[in-house]
């Protein structure tokens, strides 16, 4: 059993949010999947710039909870570029037992209800 590390969980969350953005018609200008590098997506939609912050959140934490101070800092940064800011929290859990870590040998459950406008 190979437990997914923080970067692997982050990449999984990035894929989930990236597919959502693509399905909504966003055009990617920049994608940054490195941990602690923000925003993860810089995208265009309807000629408007969007910054998207992605976070992988493991059970039992709530994927809709966010660091308000950090998000305000990102939103202030986005304002300088006349960009809209969104948060995509992706909850991930081991399908067999939510108490176990997400690993490469078992399916996982996703708790993602879409982007939250900041």
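Just so you know, all these numbers are worked out from the coordinates, no wet-lab data involved. Everything numeric in this text was worked out from a predicted model, so none of it was measured. All Cβ positions, glycine included, derive from the backbone under ideal geometry; neighbour counts span all protein chains shown.
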Q: Show the residue pairs that are 6+ apart or on different chains and have beta-carbon atoms under 9 Å apart, the first residue being within the range 80-101 and at positive phi, the second being surrounded by 12 or more Cβ atoms within 10 Å (Cβ to Cβ) and outside any loop (DSSP other than H, G, I, E, B).
A: 82/49
Q) What are the residues in the range 34-53 that are under 18 Å from residue 63 (Cα atoms) and without any contact (Cβ under 8 Å) to a residue 24 or more places away in the chain, if any? A) 36
**Q.** Of all residues making up the range 104-118, the number that are over 22 Å from residue 21 (Cβ atoms) and either free of Cβ contacts under 8 Å to residues at least 12 places away in the same chain or surrounded by 15 or more Cβ atoms within 10 Å (Cβ to Cβ) (or both)
**A.** 0
Q. Exactly one of (1) without any contact (Cβ under 8 Å) to a residue 60 or more places away in the chain; (2) assigned to a strand (DSSP E or B); (3) out of contact with any helix residue (DSSP H, G or I) (no Cβ under 6 Å at 6 or more places or on another chain); (4) surrounded by 13 or more Cβ atoms within 10 Å (Cβ to Cβ) is unmet by residue 29. Its number?
A. (4)
**Q.** Residues (within 19 Å of residue 114 (Cα to Cα), part of a loop (DSSP other than H, G, I, E, B) and within 14 Å of the chain's Cα centre (by Cα)) located in the range 33-48
**A.** 33, 38, 39, 40
Q: Kindly provide the set of residues from the range 32-61 that are exposed (fewer than 13 other Cβ atoms within 10 Å of the Cβ) and more than 21 Å from residue 102 (Cα to Cα), ordered by number.
A: 37, 46, 47, 48
Q) Applying the selection to the range 82-103, what residues are over 23 Å from residue 19 (Cα atoms) and either surrounded by 11 or more Cβ atoms within 10 Å (Cβ to Cβ) or within 17 Å of the chain's Cα centre (by Cα) (or both)? A) 96, 98, 100, 101
Q | Counted residues, the range 4-26 - those being over 25 Å from residue 104 (Cα atoms), loosely packed, with under 15 Cβ neighbours inside 10 Å and touching a residue at least 12 places away in the same chain (Cβ under 8 Å) | A | 2
Q: State the number of residues belonging to the range 49-70 that are within 13 Å of the chain's Cα centre (by Cα) and in a helix (DSSP H, G or I).
A: 0
